[in-house]
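The values are calculated or read from the model by the stated rules, or taken from the named source; none is laboratory data. These figures come from a predicted structure and were not determined experimentally. Quick reminder, even Gly has a Cβ in these numbers, built from the backbone with ideal geometry, and neighbours come from all protein chains shown. Side chains are part of the model used for accessible areas, which takes the heavy atoms of the whole protein and leaves out ligands, DNA and RNA. Shrake-Rupley method; radii C 1.70, N 1.55, O 1.52, S 1.80 Å.
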Amino acid sequence: MVSKLSRRRFTKLAGAVGASSAFGLSACATMEPPKARVVVIGGGFGGATAAKYVRAIDPAIHVTLVEPGRTFVTCPFSNYVLAGFKTINDITHNYNALAGMHGARVVHDTASGIDPAKKAVTLAGGETLQYDKLIVAPGIDFRWGAIDGYTEAAAEIMPHAWRAGPQTLLLRRQLEAMADGGLVIMSVPANPFRCPPGPYERAAMIAHYLKGNKPRSKILILDAKDNFSKQPLFQDGWKAVYGDMIEWVPLSKDGKVTRAIPGEMTVVSEFGQNHKGAVVNVIPPQFAGAIARNAGLANQTGWCPVNQTTFESTIHKDIHVIGDACLAGAMPKSGFAANSQGKVAALSAVNAINGRPTAAPTYVNTCYSLIAPDYGISVTDVYRITDQGIAPTPNAGGISPRQADRAQRTGEARYAEGWYAAMSQDIWDA
Amino acid sequence: MAQNASPQLLTFSCAGCHGPGGHSPSTIPSLFGRTADSIAEILRAFRTDQRPATIMNRIAKGYSDAEIDAVARELATNWK
Ligand SMILES: Cc1cc2nc3c(=O)[nH]c(=O)nc-3n(C[C@H](O)[C@H](O)[C@H](O)COP(=O)(O)OP(=O)(O)OC[C@H]3O[C@@H](n4cnc5c(N)ncnc54)[C@H](O)[C@@H]3O)c2cc1C
């Protein structure tokens, strides 16, 4: 069976410590009491990685993953669903491998409360889970109302599509229904937010669709900041492939949207300019997922401070917070970063359980973006702990070269595919 | 220079692109079944831009000599 082979490969990969049970039944299936219990909240990029790696590093530890969804639709590559060359199916994953060959218990429920004193998590369905170590990875929530008038109901008219799934499909349908010559407006928040290059890749992917189908249309990006991730590469690429189709208005040119009027398909800028669109995509300001904030894991920023070596909360002991919800120094809020942090948190939790010293961390992030299906760009960094917290290694990483031949761009587009497939296997699929 | 990173965590960093156990499911080259010497040699060539790359040159520059040797040894041992 493939699964057994993969399981063995994977256990080798992780350098498992408890080899005896590595190929046998998971701790939860035997009568033996588990060595320790790790509970993970959230089965996205961070949480599903952490659950899998705890099991792989030490199979004697019992892992319960709490995630309401039976499937997970990734935000990465959802812009290609908007463009029309990927389907929602292509970006949907499940928990079969995690619950099967990796032997985690996957509970499809919502965590409704955390009691750090009793080391217990309560679920909406009524169950209570005791933990020795808790890993919290709920991603983001939207700050409804931070843009006046932009409520959950407004998002059904002006979609955010910043959590993939029905919102992605809604925005796609609106683009399909739009007449040629229509104006697509995007409102982009200030830092920090999920996926810093995401809005600019989205603009390119919407332009790709419009160029082929509605070439007289335009895209207006209203931005609450004055510069953005991979900016020169995006601006060069937009111009080269789409001419003047995409216009970007920075904060200093009154780009910040402060009000939304869904009934009139209009957004209003800080200094009172009205912009009316045929399609309006509002990406609202964000903060850590509710479960983390309600458990008191966030500070006044709305995000969760953590020890930068272990990702253990600096507020509550024995609780790690990873992914978009946490404050991770210079690391962006990306799926790759959440995956990297999930591995560090998993090893840190296992080492603590086994009375071993903390491993010296290393983090990596890469964000690929497409300008067109055969035109890719990237930013990558290897991160280390410094006096300023997590920081990129000097004289390494950075963005793709600005002067580059087509081979670099087509190569990066091909490798973006490769990254997505490998990352999906590393988290859910294998 | 900061402390050298844990060899195990270094290999975890590679899996996100090269696939679990270095078995790549798609366009990025697989890494399983290689010797430590060949991995280390390639990483050093990436680091000095001696080997053509779209991204590995930028990544390899992020690791010290000791880390390159350590990750190469760890991969050769575990990614069969
Ligand atoms: C358009 C777009 C494109 C992107 N492209 C890329 C890209 O190319 N590369 C990249 O690296 N990143 C990309 N990202 C960013 C990436 O999606 C996020 O950074 C990543 O999902 C963060 O992982 P996470 O684990 O913190 O949260 P998520 O992946 O969002 O997972 C959180 C999970 O927690 C669950 N959850 C929440 N609350 C509870 C609760 N109370 N109980 C139980 N479960 C709960 C949710 O159901 C969800 O499944 C993109 C984002 C967008 C919007």
Check your understanding: What residue among B:Ile39, B:Ile28, B:Ile55 has the largest mean-square fluctuation in a Gaussian network model of chain B, using Cα springs under 10 Å?
Key -> B:Ile55
Revision key, fill the gap. Charge tally for neighbours of A:Pro166 with beta carbon under 14 Å away, counting Lys, Arg as +1 and Asp, Glu as -1, is +1
Study note, to complete from the structure: Averaging 1/r across every pair of distinct alpha carbons in the stretch B:7-78 and inverting yields a Kirkwood hydrodynamic radius, in angstrom, of 12.1 Å
Study note, to complete from the structure: For the stretch A:203-217, in residue order, the Karplus 3J(HN,Hα) values (coefficients 6.51, -1.76, 1.60; θ = phi - 60°; whole Hz; Gly and Pro = x) are 4, 5, 6, 5, 4, 4, 5, 5, 4, x, 10, 9, x, 8, 6
Check your understanding: If you place +1 on the Cβ of every Lys and Arg, -1 on the Cβ of every Asp and Glu, and leave all else neutral, what size is the dipole of chain A about its Cα centre, to the nearest 20 Debye?
Key -> 780 debye
Point to revise | Of A:Lys86/A:Lys253; A:Lys225/A:Lys276; A:Lys253/A:Lys333; A:Lys86/B:Lys61; A:Lys256/A:Lys343, those spanning more than 32 Å from alpha-carbon to alpha-carbon | key: A:Lys86/A:Lys253; A:Lys86/B:Lys61; A:Lys256/A:Lys343
Exercise for review: Assuming a ≥ b ≥ c are the square roots of the Cα gyration tensor eigenvalues, decide whether the stretch A:144-284 counts as rounded (a/c under 1.5), prolate (otherwise, with a/b larger than b/c) or oblate.
Suggested key: rounded
Review point. Which whole-Hz ³J(HN,Hα) couplings does the stretch A:323-337 yield from phi under the Karplus relation 6.51 cos²θ - 1.76 cosθ + 1.60, θ = phi - 60°, glycine and proline marked x?
Key: x, 4, 5, 9, 9, 10, x, 7, 6, x, 7, 10, x, 5, 4
Exercise for review: Enter the mean number of other protein chain beta carbons within 10 Å of the beta carbon of each residue in A:412-423, as an integer.
Suggested key: 6
Revision key, fill the gap. Computed over chain B, the relative contact order (Cα-Cα under 8 Å, seq sep at least six) in percent reads 37 percent
Check your understanding: For chain B, what is the mean residue ellipticity at 222 nm derived from helices alone (per DSSP H run of n ≥ 4: -39500 (n - 2.57); sum divided by total residues; nearest 500 deg cm²/dmol)?
Key -> -16000 deg cm²/dmol
**Study point:** Relative counts (whole %) of C-alpha pair distances in the stretch A:208-292, using bins that are 10 Å wide
**Key:** 15, 40, 34, 10, 1
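Semi-axes of the equivalent ellipsoid for the stretch A:240-352, please: Cα gyration tensor eigenvalues, times 5, square-rooted, ordered largest first, whole Å.
For the stretch A:240-352, the semi-axes come out at 38, 18, 12 Å.
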Practice item. Work out the length of the dipole vector of the stretch B:7-78 about its Cα centre, built from +1 on the beta-carbon of each Lys and Arg and -1 on the beta-carbon of each Asp and Glu, and round it to the nearest 20 debye. Key: 200 debye
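Between A:Arg356 and A:Asp374, what length comes free when the chain is fully extended (0.36 nm per residue of separation minus the Cα-Cα distance, one decimal in nm)?
1.8 nm
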Study note, to complete from the structure: For the stretch B:1-48, Rg(Cα) over 2.2 N^0.38 Å is 1.23
Practice item. Compute for chains A and B the buried accessible surface, both sides summed, probe 1.4 Å, and express it in Å² to the nearest 100. Key: 3300 Å²
Practice item. Write down the radius of gyration of the protein assembly as shown and its Dmax, each obtained from C-alpha positions, in Å. Key: 22.5, 67
Review point. Distance in nm between label sites at A:Arg143 and A:Asn395, each 7 Å beyond Cα in the beta-carbon direction?
Key: 4.0 nm
Review point. Any idea what the relative contact order of chain A is, in percent, if you count C-alpha pairs under 8 Å spaced at least 6 apart?
Key: 17 percent
Practice item. Round to the nearest 10 and give me the degree value, 0 to 90, for the angle of helix A:166-177's Cα axis relative to the longest principal axis of chain A. Key: 20 degrees
